[in-house]
1. Mind listing whichever residues of the stretch 325-350 are more than 24 Å from Ala401 (Cβ to Cβ) and either β-branched (Val, Ile, Thr) or modelled with pLDDT under 95 (or both)?
2. Taking only the stretch 73-108 into account, find how many residues are farther than 17 Å from Gly412 by Cα and under 19 Å from the mean Cα position of the chain (by Cα).
3. Being open to solvent by 20 Å² or more (accessible area, probe 1.4 Å), within 16 Å of the ligand (Cβ to nearest atom) and farther than 17 Å from Asn348 by Cα is the filter here, so list the residues in the stretch 393-426 that pass it.
4. Does at least one position in the stretch 333-340 carry a residue that is open to solvent by less than 40 Å² (accessible area, probe 1.4 Å), among the polar types (S, T, N, Q) and within 14 Å of the ligand (Cβ to nearest atom)?
5. From the list Gly438, Gly406, Gly420, pick out the single residue that is touching a residue at least 40 places away in the same chain (Cβ under 8 Å) and on the phi > 0 side of the Ramachandran plot.
6. When you scan the stretch 62-77, how many residues do you find that are touching a residue at least 60 places away in the same chain (Cβ under 8 Å) and over 16 Å from Pro351 (Cβ atoms)?
7. So if I check each of Met258, Met254, Met293, Met250, which one is more than 16 Å from the ligand (Cβ to nearest atom) and either open to solvent by less than 10 Å² (accessible area, probe 1.4 Å) or in a loop (DSSP other than H, G, I, E, B) (or both)?
8. Going by the structure shown, is Ser200 within 16 Å of the ligand (Cβ to nearest atom), at pLDDT 90 or above and either touching a Pro at 6+ places or on another chain (Cβ under 7 Å) or open to solvent by 20 Å² or more (accessible area, probe 1.4 Å) (or both)?
Amino acid sequence: MLGVVPLLMWLMWWWNNVWYELVTTVRSGGTRLPPGYMGLPVIGELFTFLLYFKFLRRPEDYINSKRIKYGDGIGMYKTHLFGKPSVIVFSPTATKFVFRAEESFKLKWPNVELVGKTSLVGVHGKKHARVRSFVSKSINQPEALRRIASIVQPRMISALASWAKRPTITSYKEIKKVTFENIGMFFASFEPGPRLDMLSEYFVGLLNGVRSYPMNLPGFAYYHGLQCRKKAIAILEEELKNRKKANESMGDLMDGLMRLKDEEGCQLSDIEVLDNIVSLLVGGYESTTLATMWAVYYLAKYPKVLQKLRDENMSLKSSKNEQLVTSDEILKMKYTMKVVEETIRLANIAPFIFRTATKDVTYEGYTIPKGWNAILWLRYLHTDPENFNDPLCFNPDRWDATMAPGTYQVFGGGSRICAGNMLARLQVAIFLYHLSTGYKWELMNPDAKVKYLSNPKPEDGAEIRIEKL
Ligand code: HEM
């Protein structure tokens, strides 16, 4: 009887490994799965993942421990994580392989109906290329960036002035408010006020729904997310209808998406316009907030870097008669842009991204079975000492050298590379211009622990005391 317990435990321990290996061998005629451990039945490796990310707070050691056990192999390990059999992709070469094999590894957003089935993240192939060209023109190309640069600055300037009047502020919370106000302005010309506050509330609900189990019953986050989406869409739709009636140009994202024509002269439909505004909000709101917050945090911790950044920005400021900078001026500032790049590398705002294998894929003699997830562990690319020297040090000067191919993928890769990557860089750089030339600040809890889930941030949200220079 006593011998049964260890036997059961042994079976539980190896069940996933044996089962999935067996299924793959039978299905694909003897090919093997990549090395790795698939964890316990149903939950897979969730506890090990949580151990490193939540309890030990040493996220890199999750992959390091696998490297020690299984070697580097093909840059992929099999696992069972987030409810699905998966391969973790952690080397630059393997990551590039997945990005390039777009037909074999498809982007599949969870609960995509919340973001919008006709949005950029909900469409594929030719449809995706078409929508993407609209979105790119509206937010990520020089003309759009020039317009957005002038729209975002007044709110940044007034927020900074108001923060300096308070004893301390929580950077994350305050930057989030400014980011949303700016998004409201350049997405749909919404001024701060009750309408924008309601939108902000609906977006919180919508985002929680995207991350939740799809249970469409009252009381569940998914159900609430759907309700929030309906209300957010209603607000945006009313605005869109009013604009059509008035037929006037506002020069914002909604306007751009409504008016642009593709090569065949076709425009986006109303629902495509609305879905894409939602998807850009989902993509841009939290990510820009976190990038800006981490820049504030790192600069407080690295005073020499701050001094060099301040010198560069001061010299631009002294050459100008007006308060606002242009996107052309900002993007030419070499040191500032290195600070931005280094912030985004080290912050690892999108630690991993997901693809689903649409067929059995063979890579270096191993099989990634159809239906499995490929989890591209971007975070590890940016923190592996083989890719970046002293990777956890905030060192903007590392950007004087060219990075090895495939090692810097903060914005993803392939045709799905972040649609707002230049916009994100620009917003952080503009914020740093006004911050570094007008203010000094310090972290209230420089040793605050960092939370790595769902996105990395200091536990206190980077509380600072900020005052005028
Ligand atoms: C530092 C800030 C940002 C980071 C680190 C970031 C990161 C990423 C990453 C890694 C992807 C690829 C996802 C995948 O392939 O599965 C992505 C896609 C995307 N991002 Fe960003 N992003 C940032 C800012 C923004 C901003 C400001 C916007 C828009 C306002 C935006 C909109 C999008 C959209 C729409 C996609 C989907 C693109 C497509 O499927 O074609 N992102 N982002």
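1. Looking only at the stretch 325-350, we keep the residues that are more than 24 Å from Ala401 (Cβ to Cβ), and these are 325-329.
Result: Val325, Thr326.
2. Here the count works out to 1.
3. Gly414, Ser415, Arg416
4. No, that holds for no residue.
5. Gly406
6. So the first thing to find is which residues in the stretch 62-77 are touching a residue at least 60 places away in the same chain (Cβ under 8 Å), and the list is 63, 74, 76.
Filter once more, so that each one left must be over 16 Å from Pro351 (Cβ atoms): 74, 76.
Number of matching residues: 2.
7. Within the list Met258, Met254, Met293, Met250, the selection yields Met250.
8. yes
The values are calculated or read from the model by the stated rules, or taken from the named source; none is laboratory data. No experiment lies behind these values; they were computed from the predicted model shown. For neighbour counting, all protein chains shown are included, and Cβ atoms are generated from backbone atoms with ideal geometry for every residue, glycine included. SASA here: full protein model, heavy atoms, side chains in, ligands and nucleic acids out. Shrake-Rupley method; radii C 1.70, N 1.55, O 1.52, S 1.80 Å.
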